[in-house]
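What follows is a set of notes on a single structure, which appears directly below.
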Amino acid sequence: MTATTDGSGGPLRARAAAASERTDTRSAEALAPSDILEAARRAAERSTGHLLARQDAQGWWKGDLETNVTMDAEDLLLRQFLGIQDARTTDAAARFIRGRQCDDGTWATFFGGPGELSTTIEAYVALRLAGDRPDDPHMARASAWIRKQGGIAAGRVFTRIWLALFGWWKWDDLPELPPELIFLPTWMPLNIYDFGCWARQTIVPLTVVSAKRPVRPAPFPLDELHTDPRMPNPPKHLAPAATWDGFFQRADRALHLYHKVAPRRLRRSAMNAAARWIVERQENDGCWGGIQPPAVYSVIALHLLGYDLGHPVMRAGLESLDRYAVWSEQDGLPVRMVEACQSPVWDTCLATIALADAGLPTDHPALVKAADWMLGEQIVRPGDWSVRRPGLPPGGWAFEFHNDNYPDIDDTAEVVLALRRVKHPHPDQLDIAIERGARWNLGMQSRNGAWGAFDADNTSPFPNRLPFCDFGEVIDPPSADVTAHVVEMLAYEGKAHHPRTRRGIQWLLAEQEPSGAWFGRWGVNYIYGTGSVVPALTAAGLPPSHPAIRRAVRWLESVQNDDGGWGEDLRSYLPQRLRPGGTHVNRSMGRGASTASQTAWALLALLAAGERDRKPVERGIAWLAATQLEDGSWNEPYFTGTGFPWDFSINYHLYRQVFPLTALGRYVHGELFAPRAAPRKGG
């Protein structure tokens, strides 16, 4: 795969500074409205040309999906475990990891973020595998910081699992995860379908790893990463038995005892059932779930169960992992970044919406080609979602190239919105696909009236309590941003008054924060949530004068930066601080350096609320026009996408292109795409 950006930390930061310096210092107040409109037209034209040039010959778009160096570190650890290292890959990955190290010796999980312990541990170990010495200055800084933070013992469970594979940590000092979990019926708490799809796909193979407890001889010790090498595993505090944490800690102790006496036949049967579950869910491209972590653990689990590296399942799995690699150059040397996932369906539908809203003819060949590709990606067979919705016909779209088991509710809504913008030579084909998608989205509504990302009613309180689950989200409850996109799609399909749509609207109104914003689950953060909800509510018929919309407008205006843009730092996901009066406040809400994507989200909300001719919108449009690069793109090193709030952040490299173009297009042309006036047949 060809890189669309460089893979080094230094040049990326330099470009961020350069972009900041080149920002046009003229404020919107210095420009007449006609000048701002003309600047917006020129910016939209340049952006349209840039985006069209990036379309693949097959019709899709895909930007790099940048996360953090744990992907690269764990890739090297996997190769070490399987004995498939090669010097070129190791050197290129190590070069990327070194390039992302911060001045204090740490590694962060997002651009400009603080050092993170587990990420730093994994990066350090990967560089040791690549040949870096403990007394190298950059390594010594990292190990000193790790020890200061509590050492390996303070790292998260997943990090210590990787270390246990090489004997750097004891399996007995990890939470137990029995493979018999696979046998729990769906009505029983903590069955595998109580977990979000990403956690489910990871946990099932990890039950095999936990049962097998493999150890490959470590090539070196890691004493320098312990606060006291003589006592690497200090005793942990046990919560009171009357608390949920205390209950699950004691249950984990019981499971450790069970590990020693588990009936061999039952355990073997459970591991075989897990293997069947894993193999049945391998995608046509060899991956699992379209994301890297489940693929890594599935390969390890199957290998432990006797699948040799030449087995077709293993060979396809390893080849799929290679496709996550983005190769580039730094100072003439190869650099390799590993994506956690790939986002072609999401990128393609967003690019289609952006181009159409910017005024590209609806029958333009690029749009028709994109529609054809999206039509071919519709999923027409049941997946794991059908465990909770067994009678619902399929019809969704996934996020990735291949992920038929887990179509995405959010993607499906946006694909429908994109397809409706295209004048296709075979409109009946388009209508059938859209009706399938809308019907599937309606059927995936949760009991509370809202929508999650992959499953319905995936809201069990128990998975988050497990000692094993100390990182990220492990359930998939409904969120405001996904619900908003579904409501917007249903409104444009003429279903604004459908009972399910009205329930979604009521849920959204009830979820509005006291500030007037909405929480953003899959984008950073309140700006994303608000930028998603306001256009949905107005599409569904709420007038701009509605109190909820006015509160949202006032909040967006209050957090606009002095330069005219909007930005929000990921620290807004940190636990909120309690004010003396009992109200929660997070001082990072809506605050951060201006970015192209977040400025666009704010503008989309304000434009939908009827604020087009007011100064905040003009200043935001002027900021987008002034910060655009000569090639029609925007520079954005900041992470504005979310995998797990705070724990796992994403820089979608196409966000900086598609959302600004959408905002510019709607400012220049108004609403080119109107909701359908009446329900379609059967709606």
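Go through region 219-232 and give me each residue that's of a type in the set (A, V, I, L, M) and surrounded by 15 or more Cβ atoms within 10 Å (Cβ to Cβ).
Across region 219-232, the qualifying residues are Leu222, Leu225.
Residue-wise test of (1) under 29 Å from Ser320 (Cα atoms); (2) crowded, with 19+ Cβ neighbours inside 10 Å; (3) among the small types (Gly, Ala, Ser).
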position: Pro390; (1), (2), (3): no, no, no
position: Gly395; (1), (2), (3): yes, yes, yes
position: Pro427; (1), (2), (3): no, no, no
position: Ile434; (1), (2), (3): no, yes, no
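Here are some conditions: (1) surrounded by fewer than 15 Cβ atoms within 10 Å (Cβ to Cβ); (2) modelled with pLDDT under 95; (3) part of a helix (DSSP H, G or I). Ala16 meets all but one. Which one does it not meet?
Failed condition: (1).
Yes/no per residue for (1) among the aliphatic types (A, V, I, L, M); (2) out of contact with any helix residue (DSSP H, G or I) (no Cβ under 7 Å at 6 or more places or on another chain):
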residue: Ala242; (1), (2): yes, yes
residue: His259; (1), (2): no, yes
residue: Arg268; (1), (2): no, yes
residue: Met271; (1), (2): yes, no
residue: Ala275; (1), (2): yes, no
residue: Leu302; (1), (2): yes, no
residue: Gly310; (1), (2): no, yes
residue: Glu329; (1), (2): no, yes
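What is the residue count in region 438-474 for residues that are in contact with a Pro (Cβ under 7 Å, 6 or more places away or on another chain) and modelled with pLDDT of 95 or more?
9
Looking at region 620-649, which of the residues that are of a type in the set (Val, Ile, Thr) and over 22 Å from the mean Cα position of the chain (by Cα) is surrounded by the most Cβ atoms within 10 Å (Cβ to Cβ)?
Only one residue fits best here, namely Ile621.
Closer than 15 Å to Ile182 by Cα and assigned to a helix (DSSP H, G or I) - does that describe any residue in region 225-243?
Let us first name the residues in region 225-243 that are closer than 15 Å to Ile182 by Cα, namely none.
The answer is no; no qualifying residue exists.
Name the one entry in Thr243, Thr186 that is under 30 Å from the mean Cα position of the chain (by Cα) and either among the hydroxyl-bearing types (Ser, Thr, Tyr) or at pLDDT 95 or above (or both).
Details: Thr243 fails: under 30 Å from the mean Cα position of the chain (by Cα).
Being under 30 Å from the mean Cα position of the chain (by Cα) and either among the hydroxyl-bearing types (Ser, Thr, Tyr) or at pLDDT 95 or above (or both) holds for just one of Thr243, Thr186, which is Thr186.
Applying the selection to region 364-389, what residues are over 27 Å from Thr48 (Cβ atoms) and either part of a helix (DSSP H, G or I) or not assigned by TED's automatic domain parsing to the domain that holds Ile432 (or both)?
Those that are over 27 Å from Thr48 (Cβ atoms) and either part of a helix (DSSP H, G or I) or not assigned by TED's automatic domain parsing to the domain that holds Ile432 (or both): Asp384, Trp385, Ser386, Val387.
Among the residues of region 150-191, which ones are free of Cβ contacts under 8 Å to residues at least 24 places away in the same chain and within 26 Å of Arg264 (Cβ to Cβ)?
Hits for region 150-191 are Leu184, Pro185, Met188, Asn191.
State yes or no: is Leu309 surrounded by fewer than 16 Cβ atoms within 10 Å (Cβ to Cβ) and either in contact (Cβ under 8 Å) with a residue 12 or more places away in the chain or in a strand (DSSP E or B) (or both)?
yes
Being in a loop (DSSP other than H, G, I, E, B) and either out of contact with any strand residue (DSSP E or B) (no Cβ under 6 Å at 6 or more places or on another chain) or closer than 25 Å to Arg666 by Cβ (or both) narrows it down to one residue among Leu392, Leu318; which is it?
Answer to the check: Leu392.
Would it be correct to say that Pro660 is modelled with pLDDT under 95, in contact with a helix residue (DSSP H, G or I) (Cβ under 6 Å, 6 or more places away or on another chain) and under 21 Å from Ala484 (Cα atoms)?
Judged against the criteria, Pro660 is not a match.
List every residue pair whose Cβ atoms sit under 9 Å apart, with the two residues 6 or more apart in sequence or on different chains, where the first one lies in region 255-269 and is closer than 16 Å to Val209 by Cα and in the same structural domain as Pro178 (by TED's automatic domain parsing) and the second, anywhere, is surrounded by 13 or more Cβ atoms within 10 Å (Cβ to Cβ) and polar (S, T, N, Q).
His259/Ser210
Just need a number here: residues in region 409-426 that are of a type outside the set (D, E, K, R) and either modelled with pLDDT under 95 or outside any helix (DSSP H, G or I) (or both).
Keep residues of region 409-426 that are of a type outside the set (D, E, K, R), which gives 409, 412-413, 415-419, 422, 424-426.
From what is left, the residues that are either modelled with pLDDT under 95 or outside any helix (DSSP H, G or I) (or both) are 422, 424-426.
Here the count works out to 4.
Residues checked against (1) touching a residue at least 12 places away in the same chain (Cβ under 8 Å); (2) under 28 Å from Leu355 (Cβ atoms); (3) not hydrophobic (A, V, I, L, M, F, W, C); (4) not assigned by TED's automatic domain parsing to the domain that holds Pro660:
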{"residue": "Arg46", "(1), (2), (3), (4)": "yes, yes, yes, no"}
{"residue": "Glu74", "(1), (2), (3), (4)": "yes, no, yes, yes"}
{"residue": "Ala94", "(1), (2), (3), (4)": "yes, no, no, yes"}
{"residue": "Arg100", "(1), (2), (3), (4)": "yes, no, yes, yes"}
{"residue": "Asp104", "(1), (2), (3), (4)": "yes, no, yes, yes"}
{"residue": "Gly115", "(1), (2), (3), (4)": "yes, no, yes, yes"}
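Does at least one position in region 204-214 carry a residue that is modelled with pLDDT of 95 or more, in contact with a helix residue (DSSP H, G or I) (Cβ under 7 Å, 6 or more places away or on another chain) and not in a helix (DSSP H, G or I)?
Within region 204-214, one or more residues are modelled with pLDDT of 95 or more, in contact with a helix residue (DSSP H, G or I) (Cβ under 7 Å, 6 or more places away or on another chain) and not in a helix (DSSP H, G or I).
Scan region 338-357 for residues that are in a helix (DSSP H, G or I) and either under 25 Å from Ser328 (Cβ atoms) or touching a strand residue (DSSP E or B) at 6+ places or on another chain (Cβ under 7 Å) (or both) and jot them down. Working first, answer last.
Start the filter on region 338-357 by keeping residues that are in a helix (DSSP H, G or I), which leaves 344-357.
Answer for region 338-357, where residues must be in a helix (DSSP H, G or I) and either under 25 Å from Ser328 (Cβ atoms) or touching a strand residue (DSSP E or B) at 6+ places or on another chain (Cβ under 7 Å) (or both): Pro344, Val345, Trp346, Asp347, Thr348, Leu350, Ala351.
Tell me yes or no: at least one residue of region 102-118 is under 22 Å from Gln292 (Cβ atoms) and assigned to a helix (DSSP H, G or I).
yes
Could you grab me the full set of residues in region 36-73 that are assigned to a helix (DSSP H, G or I), among the acidic types (Asp, Glu) and surrounded by 22 or more Cβ atoms within 10 Å (Cβ to Cβ)?
First pass over region 36-73, keeping only residues assigned to a helix (DSSP H, G or I): 36-53, 70-73.
Next cut, among the acidic types (Asp, Glu) only: 38, 45, 72.
Selection gives Asp72 alone.
Which of the residues belonging to region 164-197 are surrounded by 23 or more Cβ atoms within 10 Å (Cβ to Cβ) and part of a helix (DSSP H, G or I)?
Of everything in region 164-197, those that are surrounded by 23 or more Cβ atoms within 10 Å (Cβ to Cβ) and part of a helix (DSSP H, G or I) turn out to be Pro179, Cys197.
What is the one condition in (1) polar (S, T, N, Q); (2) surrounded by fewer than 23 Cβ atoms within 10 Å (Cβ to Cβ); (3) touching a residue at least 24 places away in the same chain (Cβ under 8 Å) that Ser386 does not satisfy?
Unmet for Ser386, out of (1) polar (S, T, N, Q); (2) surrounded by fewer than 23 Cβ atoms within 10 Å (Cβ to Cβ); (3) touching a residue at least 24 places away in the same chain (Cβ under 8 Å): (3).
Test Ala53 against the criterion of being aliphatic (A, V, I, L, M), over 24 Å from Lys615 (Cβ atoms) and at pLDDT 50 or above, and give yes or no. It would help to see each step written out before you state the result.
On the way: aliphatic (A, V, I, L, M): yes; over 24 Å from Lys615 (Cβ atoms): yes; at pLDDT 50 or above: yes.
Spelling it out, Ala53 is indeed aliphatic (A, V, I, L, M), over 24 Å from Lys615 (Cβ atoms) and at pLDDT 50 or above.
Residue under question is Trp346, and the condition is that it be modelled with pLDDT of 95 or more, crowded, with 23+ Cβ neighbours inside 10 Å and either of a type outside the set (Lys, Arg) or under 30 Å from Val69 (Cβ atoms) (or both); does it hold?
Criteria met by Trp346.
The values are calculated or read from the model by the stated rules, or taken from the named source; none is laboratory data. These numbers come from a predicted model, not from an experiment. In this analysis, Cβ positions are derived from the backbone assuming ideal geometry, glycine residues included, and neighbour counts consider all displayed protein chains.
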